[in-house]
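Q: Below are the structure tokens for one structure; questions will follow.
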Amino acid sequence: MTYESGKVDELLAGMSPAEKAGQLTQYFYFRLPPGAETEPALGLDVAEQPRAVEAALGRGEAGSLLFVTDPSEINRLQRLAVAGNPHGVPLLFGFDVIHGLRTIFPVPIAMAASWDPEIIERGQAVAGREARAVGIHWTFAPMVDIARDPRWGRIIEGAGEDPFLGAAVAAAQVRGFQSGGVIAGPKHFGGYGAALGGRDYDEVNLSDHELWNTYFPPFRAAVEAGAGNVMTAYMDLNGIPATASHWLFTEVLRELWGFDGFVVSDANAVRNLVTHGYARDLAEAGARAVTAGVDMEMAIGDPAYAHLPGAVSEEVLDTRARKVLEAKARLGLFDDPYVDEDRARETLADPAHRVAAREAARRSAVLLRNEGGLLPLAKSGSVAVLGPLADSRRDTLGPWVFDFDLDETVTVLDGIRDAAGNTATITYAPGIPVGQRTFPSMFDMFGRNAPADPEGFDAEAEFARAVEVAAAADVAVVVLGEWQNMIGEAASRSSLELPGRQLELLQAVVATGTPTVLLVMNGRPLDLRWAAEHVPAILDIWYPGTQGGAAVADLLFGDVSPSGKLPFTWPRTVGQIPMIYSHTVSHEPDNQARRYWDEESTPLFPFGHGLSYGRFAYRDLTIEQADGVATVAVEVANEAEREAAEVVQLYLHQRHGTASRPVRELKGFQRLVLPAGSSHRVEFTIGEEHRRYWNAAVRDWVLDAATFDVWVGGSSTAELGGTFSIDK
């Protein structure tokens, strides 16, 4: 039987206010190893917490649980809920499936670097299938926050700095997750990525111009793609806690954009309204959030929404509970709430998922530099592989994964050895100690921390040995970056320098005279000024996931050509932040390159940059107009002697109008695969939706009659261009 709206109304009519409030409550559910009796970071007694949650299940006063991934445990808890609830309402199980459950894909910023909505959608469909197979119904992803300050640790979860690319990536992720059978939950609405100083959880102050033109488009794209859930943000937005913003969740999200799903708070964000000084107590906090449009509270400890009966009308409870019940009905949970445990094991073991992960890692890597054609390498001679990240399974996966299988993870060293076989000699030396960022954090309970160095690790001797190994090799491959626990939530940094002695190791290896390839394992731009001058080949591999090492080897040895493009502007130093390509012209455009006297004002690598083993030429750009629509066409040729992929990018600039407009804005992109010596004519359409923008003076969307410059090429510095005018 399918529960239609009438059935949901019938169900609501029989529920008590406490049961309705329970449907609006999502509890953290932890079962930790013996000895883990308390967790100060969570503010609760972890040993007591499961008992309290199960008591709520027995009263029919819990609507959802999170952090449960074992199918048998999910079935057990589901039976408690169905039996305990007099109306037989099942639980909704949520989890942070950010870039994979068992099969781990490259981190989200890496997937955005593919500029390939198809591979992004495919990856999240795999994640959705694995999650649904074990009994997870809903993922707290994608994170679609625009991030323009790389000090912010959560830049790794998003698509970078650009709203056009961000919107395309957001829609692809939503489609992927939901085709895999889970509810997608884009977050954090809104403006969370603009925290002051890149400090996680700090306040955000954004103009209407920035909100509507930059930060909102990915959320709107996610809603239009059919997202079933939206998550709130922790911080103050222009002085109002986002989780209590009626404007955000009722006026913009529901009334303007037509969102019909349910809204959930971030963890304890409703309780935090008291901490903000916005609400006097939990009862007022719950009332303010629920009337703003927040349907469900994600709660650690005593939920604010438990205080809703008596604090708000039953009509409000009905409105919010209906959204949650409808979501359960659409998932079919009233008909079949349980997990097929045998099918779960089969799904998690599907080899096609690993194939998809390998392809995603191939397409995500960005070739930043390749002087003298050092890459690709030959599968012969001797190769020195250096750096502890080269053989760290946990770091290869990246942060924000919890249910992974380390045994099947392919490291960079594994991948190089497997690819080289018996045709090349591979020697490995870590060179420096493992970097650790450790402090009490809820994520430590889920294996977030990196492994420690082997017992008896002699730092000086290992450093010297790595240099000796490099000196004796035909080529050195050095893997450097940030350990995965140095980035993510609550992992902002005040510096972009390579941690520890990594730069020193790189300099010592280059000094041997051995040709050197730098592989960067990261989720944000790092200070590579020295490397960009002295290391001939630099490949950004990000945190590439379960099959990451195999994909990296494919790229290094030329089985596949790199095709990734940067989804952010890569600054030279932290002092340049924020640095974006789409800045306004200013009154002295010719002085843009001289904004600092002690450092160049240009980026180290521009937005959209990414090299290839192909050699692409752009020519014969034409522009045709009809009925206010411009059609831009260009021929792209691969003049190399091998097949390669290129991401063709279109940028637009409005010369004059009713507001100052950015020097360039991305308005189109297409990924091409071109055989050696072939060419293809690429066509873009520029319509009203590409020219429309929010004007802060009139506080509305405008279309100006103006002259427009357009460029097409392989990055935001594309030179081939033309002009067209719109008269009305």
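The values are calculated or read from the model by the stated rules, or taken from the named source; none is laboratory data. Since the structure is predicted, the reported quantities are computational estimates derived from the model, not experimental observations. Backbone-built Cβ (ideal geometry, glycine too); neighbour counts: all protein chains shown.
Q: Identify all residues within the range 695-728 that are more than 32 Å from the chain's Cα centre (by Cα) and among the polar types (S, T, N, Q); write none if there are none.
A: 707, 723, 725 - these are the residues of the range 695-728 that are more than 32 Å from the chain's Cα centre (by Cα) and among the polar types (S, T, N, Q).
Q: Hey, another quick one. Is it fair to say residue 642 is modelled with pLDDT of 95 or more and outside any strand (DSSP E or B)? Full working, then the answer.
A: On the way: modelled with pLDDT of 95 or more: yes; outside any strand (DSSP E or B): yes.
Here the answer is yes, as residue 642 does meet what is asked.
Q: Suppose we keep only residues that are within 24 Å of the chain's Cα centre (by Cα) and not in a loop (DSSP other than H, G, I, E, B) within the range 555-597. Which one would you say is farthest from residue 210 (Cα to Cα)?
A: 555
Q: Keeping to the range 275-291, report how many residues are over 26 Å from residue 322 (Cα atoms) and crowded, with 17+ Cβ neighbours inside 10 Å.
A: Counting residues in the range 275-291 that are over 26 Å from residue 322 (Cα atoms) and crowded, with 17+ Cβ neighbours inside 10 Å gives 2.
Q: Looking only at the range 22-77, count how many residues are part of a loop (DSSP other than H, G, I, E, B), at pLDDT 95 or above and surrounded by fewer than 17 Cβ atoms within 10 Å (Cβ to Cβ).
A: 1
Q: Restricting attention to the range 292-317, which residues are hydrophobic (A, V, I, L, M, F, W, C), surrounded by 18 or more Cβ atoms within 10 Å (Cβ to Cβ) and out of contact with any Asp or Glu (no Cβ under 8 Å at 6 or more places or on another chain)?
A: Residues satisfying the conditions are 292, 294, 296, 299, 300, 308, 312, 317.
Q: Moving on to the next point. Between 465, 448, 437, which is of a type in the set (D, E, K, R) and modelled with pLDDT of 95 or more?
A: 465
Q: For the range 169-179, enumerate the residues that are surrounded by fewer than 24 Cβ atoms within 10 Å (Cβ to Cβ) and out of contact with any Asp or Glu (no Cβ under 8 Å at 6 or more places or on another chain).
A: 178
Q: Can you tell me how many residues in the range 458-486 are surrounded by fewer than 22 Cβ atoms within 10 Å (Cβ to Cβ) and in a strand (DSSP E or B)?
A: Number satisfying all stated conditions: 1.
Q: For the condition over 27 Å from residue 609 (Cβ atoms) and without any contact (Cβ under 8 Å) to a residue 60 or more places away in the chain, what is the one hit in 344, 384, 311? Quick ask: steps written out before the conclusion?
A: Details: 344 fails: without any contact (Cβ under 8 Å) to a residue 60 or more places away in the chain; 384 fails: without any contact (Cβ under 8 Å) to a residue 60 or more places away in the chain.
Residue meeting the stated conditions: 311.
Q: Please specify each residue of the range 349-377 satisfying the condition of being in a loop (DSSP other than H, G, I, E, B) and assigned by TED's automatic domain parsing to the domain that holds residue 412.
A: 365, 374, 375, 376, 377
Q: Condition check: assigned to a loop (DSSP other than H, G, I, E, B), of a type outside the set (S, T, N, Q) and closer than 24 Å to residue 709 by Cβ. Does residue 609 satisfy that? Don't jump to the end; show me each part of the working.
A: On the way: assigned to a loop (DSSP other than H, G, I, E, B): yes; of a type outside the set (S, T, N, Q): yes; closer than 24 Å to residue 709 by Cβ: yes.
Spelling it out, residue 609 is indeed assigned to a loop (DSSP other than H, G, I, E, B), of a type outside the set (S, T, N, Q) and closer than 24 Å to residue 709 by Cβ.
Q: Scan (1) acidic (Asp, Glu); (2) surrounded by fewer than 17 Cβ atoms within 10 Å (Cβ to Cβ); (3) modelled with pLDDT of 95 or more for the single condition residue 96 breaks and write down its number.
A: (2)
Q: In the range 333-348, which residues are surrounded by 14 or more Cβ atoms within 10 Å (Cβ to Cβ) and either in contact with a strand residue (DSSP E or B) (Cβ under 7 Å, 6 or more places away or on another chain) or not in a helix (DSSP H, G or I) (or both)?
A: Listed by number, the residues that qualify are 333, 334, 337, 338, 339, 340.
Q: Being surrounded by 17 or more Cβ atoms within 10 Å (Cβ to Cβ), under 30 Å from residue 117 (Cβ atoms) and in contact with a Lys or Arg (Cβ under 6 Å, 6 or more places away or on another chain) is true for just one of 262, 249. Which residue is that? First the steps, then the outcome.
A: Working: 249 fails: in contact with a Lys or Arg (Cβ under 6 Å, 6 or more places away or on another chain).
Within the list 262, 249, the selection yields 262.
Q: Residue by residue through the range 191-228, note down the ones that are surrounded by fewer than 20 Cβ atoms within 10 Å (Cβ to Cβ), touching a Lys or Arg at 6+ places or on another chain (Cβ under 7 Å) and part of a loop (DSSP other than H, G, I, E, B).
A: Answer for the range 191-228, where residues must be surrounded by fewer than 20 Cβ atoms within 10 Å (Cβ to Cβ), touching a Lys or Arg at 6+ places or on another chain (Cβ under 7 Å) and part of a loop (DSSP other than H, G, I, E, B): just 200.
Q: If we scan the range 614-628, do we find a residue that is at pLDDT 95 or above and buried (at least 22 other Cβ atoms within 10 Å of the Cβ)?
A: Looking for residues that are at pLDDT 95 or above and buried (at least 22 other Cβ atoms within 10 Å of the Cβ), one finds at least one in the range 614-628, hence yes.
Q: Give just the number: which of (1) of a type in the set (Asp, Glu); (2) in contact with a helix residue (DSSP H, G or I) (Cβ under 7 Å, 6 or more places away or on another chain); (3) in a helix (DSSP H, G or I); (4) farther than 23 Å from residue 613 by Cα does residue 489 not satisfy?
A: (3)
Q: Okay, next question. With the structure loaded, tell me whether residue 546 is in contact with a strand residue (DSSP E or B) (Cβ under 6 Å, 6 or more places away or on another chain), in the same structural domain as residue 475 (by TED's automatic domain parsing), part of a loop (DSSP other than H, G, I, E, B) and not basic (Lys, Arg) or whether it fails that test. Before you say what the answer is, go through the steps one by one.
A: Values: in contact with a strand residue (DSSP E or B) (Cβ under 6 Å, 6 or more places away or on another chain): no; in the same structural domain as residue 475 (by TED's automatic domain parsing): yes; part of a loop (DSSP other than H, G, I, E, B): yes; not basic (Lys, Arg): yes.
Considered against the rule, which asks whether it is in contact with a strand residue (DSSP E or B) (Cβ under 6 Å, 6 or more places away or on another chain), in the same structural domain as residue 475 (by TED's automatic domain parsing), part of a loop (DSSP other than H, G, I, E, B) and not basic (Lys, Arg), residue 546 comes out as no.
Q: Where residues in the range 103-129 are of a type in the set (D, E, K, R) and surrounded by fewer than 24 Cβ atoms within 10 Å (Cβ to Cβ), which of them is farthest from residue 11 (Cα to Cα)? Steps first, please.
A: Initial filter on the range 103-129 (of a type in the set (D, E, K, R)): 116, 118, 121-122, 129.
Now restrict to residues that are surrounded by fewer than 24 Cβ atoms within 10 Å (Cβ to Cβ): 118, 121-122, 129.
Values: 118: 40, 121: 36, 122: 37, 129: 30 Å.
Taking the candidates together, the pick is 118.
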